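Please treat every number below as a calculation from the coordinates, not as lab data. Please read these numbers as outputs of a predicted model, since none were measured by experiment. Using ideal geometry, Cβ is built from the backbone for each residue, glycine included, and neighbour counts are taken over all protein chains shown.
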Amino acid sequence: MMMEDWLLYLLIVAAIGIGWWLGRRELSGGPGNVPPETLGPNYYNGLNYLLNEEPDRAVAAFIQELEVNQDTLETHLALGGLLRRRGELEKAVTVHENILAHAQLEKSAMLNVKLELARDYLLAGLLDRAEELSLTLSQESGEIRQQAHRITLEIYEREKEWRQAIEVAKLLAVGDDCKQYEKAISHYYCEIAEDWLNRKDPEKARQAIREAIGHDAVNARASLILGRIDVSEGLYREAIAALTRIKDQEAVYVPESLSQLKIAHEKGGRPPEELRSYLEECLKVVPSISIVLALATSMRDEIGDEAMAKYIANHLKHNPTIRGLTQLIDLHVDNTSGVAKQNLTILRSFAEALVADKPAYRCHECGYEGKKMFWHCPSCKDWATIKPIFGLEGE
Ligand SMILES: [Zn+2]
């Protein structure tokens, strides 16, 4: 746990204790008038737990004693929120349910507590309970309704219920939020398209991709999937048209398209210069080592290993990457013998070890890093925010 969290936690527990104590003083007729015997046993227990650094038991003791009303509501909510941040979801649920069970709150305050509870359920993976509560809250108006829709949307994303997610996201895609939710809807359709592709139904996949493009014309993922559908059906010219759109949509995803693009060019019997000139155009926008290697490979037969190595080395001068270096070593290993070959092989294993545990992708929103490409960030749940890492240890 973070140190600040811990301090804040102790402070809130102390605040609950003090609030409770002040409440007692008022009940018993004002300051300086509190005979020790009027403090309930839970107060002393709570204090003991606190002193013994057992804040969890202190919390339990205090929430039992401290009445929930408009004045103490914020403290209870802060405690619930903090428990949730610490990942203690069961305790957060207890705190929020306790508020609802005891408080004579105004309606708006009560609805806000219910939203908190729905979030607890969602994070705890109690999706049925979260959905039931968030759907009830969706019947309200204004900000509560919007918040409830957002929780419902997260539930459907977790359940991979993309059709239902689309319906809710359409309700949210208004005003300033329009672009953000249109992008999400486009990705829900991409998810549906991939499902159809996996079930070997390219026609249904195609329909879904049309919708995906309709909601976000610059979604590079839609072009990638469309390229895959076309390749799977032998429509190589169409596949190339779809895949080469990515350069203008979001060039960082060009490396993701290279394998399909290569297949489409080879099976479609296209002249090699065509692919090369496209890749050269891409390199002007995004200096990716994958593109350099694809280009170099396509020229290998024509220009030979030595010229290919020179080409890679030239790119590495401006944009050094370890992946490029290992490729360069490979080319030299093939053409040397004896001690030189041994030394190069050792050098290669060092270079490989340098990047072995390094992530290849990073989320631009939350900083999540991983070796695998995800369209939906596992951490911040945003769409298409994970991109290849550029630099020495990446692309
Ligand atoms: Zn993220």
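Please compute the alpha carbon radius of gyration of the chain, then divide it by the globular-protein estimate 2.2 N^0.38 Å. Two decimals is fine. Kindly include the intermediate steps, with their values, before the conclusion.
Working: Rg = 29.6 Å, N = 395, 2.2 N^0.38 = 21.3 Å.
The reported ratio for this selection is 1.39.
Please name whichever of His215, Leu172, Leu135 sits farthest to the positive end of the charge dipole of the range 132-223, dipole taken about the Cα centre and charges placed at Cβ: Lys and Arg +1, Asp and Glu -1.
Going by the charge dipole, the pick is His215.
Considering only Asp330, Asp305, Asp71, give the residue with the highest GNM mean-square fluctuation for the chain, with springs between Cα atoms whenever their separation is below 10 Å.
Maximum among the listed residues: Asp71.
Taking +1 at the Cβ of each Lys and Arg and -1 at the Cβ of each Asp and Glu, which of Thr345, Met308, Ile229 sits farthest along the dipole of the chain towards its positive end, judged by Cα position relative to the Cα centre?
Checking the options against the dipole of the chain, the answer is Met308.
Where does helix 89-102 land angle-wise versus the long Cα axis of the chain, in degrees 0 to 90, nearest 10?
For helix 89-102, the angle is close to 40 degrees.
With +1 assigned to the C-beta of every Lys and Arg and -1 to the C-beta of every Asp and Glu, and no other charges, what is the dipole magnitude of the chain about the Cα centre in debye, to the nearest 20?
1000
Looking at Ala296, Cys190, Tyr253, which one has the Cα that reaches farthest to the positive end of the dipole of the chain (charges on Cβ: Lys, Arg +1; Asp, Glu -1)?
Ala296
Given Cβ point charges of +1 (Lys, Arg) and -1 (Asp, Glu) and nothing else, what value in debye, to the nearest 20, does the dipole of the range 231-357 about its Cα centre take? Before the final figure, lay out the partial values.
On the way: 14 positive and 18 negative charges, 38 e Å.
With only Lys, Arg, Asp and Glu charged at Cβ, the dipole is about 180 debye.
Once the Cα atoms of helix 254-267 and of the chain are each reduced to a long axis, what angle between those two axes, in degrees from 0 to 90 to the nearest 10, is obtained?
40
Tilt of helix 41-51 relative to the longest C-alpha principal axis of the chain, in degrees (0 to 90, nearest 10)?
Here the helix axis deviates by roughly 40 degrees.
Note down the net charge around Ile213, summing +1 for each Lys or Arg and -1 for each Asp or Glu among other residues with Cβ under 13 Å from its Cβ.
Working: positive: Lys183, Arg206, Arg210, Arg221, Arg245; negative: Glu182, Glu211, Asp216.
Combined, the nearby Lys, Arg, Asp and Glu give +2.
Structure shown: which of Lys310/Lys387; Lys183/Lys381; Lys284/Lys317; Lys310/Lys341; Lys284/Lys310; Lys183/Lys267 lie over 22 Å apart, alpha-carbon to alpha-carbon?
Numbers: Lys310/Lys387 29 Å; Lys183/Lys381 13 Å; Lys284/Lys317 16 Å; Lys310/Lys341 18 Å; Lys284/Lys310 19 Å; Lys183/Lys267 33 Å.
From the list (Lys310/Lys387; Lys183/Lys381; Lys284/Lys317; Lys310/Lys341; Lys284/Lys310; Lys183/Lys267), the Cα-Cα distance tops 22 Å for Lys310/Lys387; Lys183/Lys267.
Of the residues Ser232, Ser223, Ser288, which exhibits the maximal mean-square fluctuation in a Gaussian network model of the chain defined by a 10 Å Cα contact cut-off?
Ser232
If the viscosity is 1.306 mPa s and the temperature 10 °C, what translational diffusion coefficient in µm²/s does Stokes-Einstein give for the range 96-204 when Rh comes from Kirkwood over Cα pairs?
Roughly 105 µm²/s, to the nearest whole number.
Using the alpha carbon gyration tensor of the range 317-375, what are the three equivalent-ellipsoid semi-axes (square root of 5 times each eigenvalue), largest first, in whole Å?
Semi-axis lengths for the range 317-375 are 31, 11, 9 Å.
Under the definition of Cα pairs under 8 Å and six or more residues apart, what whole-number percent is the relative contact order of the chain?
Relative contact order, the chain: 7 percent.
With springs only between Cα atoms under 10 Å apart, run a GNM on the chain and tell me which of Val339, Val252, Val168 wobbles the most.
Val339
When the Kirkwood radius is taken over all Cα pairs of the range 272-317, what Stokes-Einstein diffusion coefficient follows at 25 °C and 0.890 mPa s, in µm²/s?
In µm²/s, the coefficient is 231.
Direction-averaged shadow area of the convex hull around the Cα atoms of the range 139-279, nm²?
Numbers: hull surface 37.1 nm².
Convex hull of Cα atoms, orientation-averaged projection: 9.3 nm².
In whole Hz, what ³J(HN,Hα) sequence does the range 347-354 give by Karplus (6.51, -1.76, 1.60; θ = phi - 60°), x for Gly and Pro?
Once rounded to whole Hz, the list reads 4, 5, 5, 4, 4, 5, 5, 4.
Could you work out the per residue convex hull volume over the alpha carbons of the range 270-395, in cubic angstrom?
Values: hull volume 14.8 nm³, N = 126.
Hull volume over Cα atoms, normalised by residue count, gives 117 Å³.
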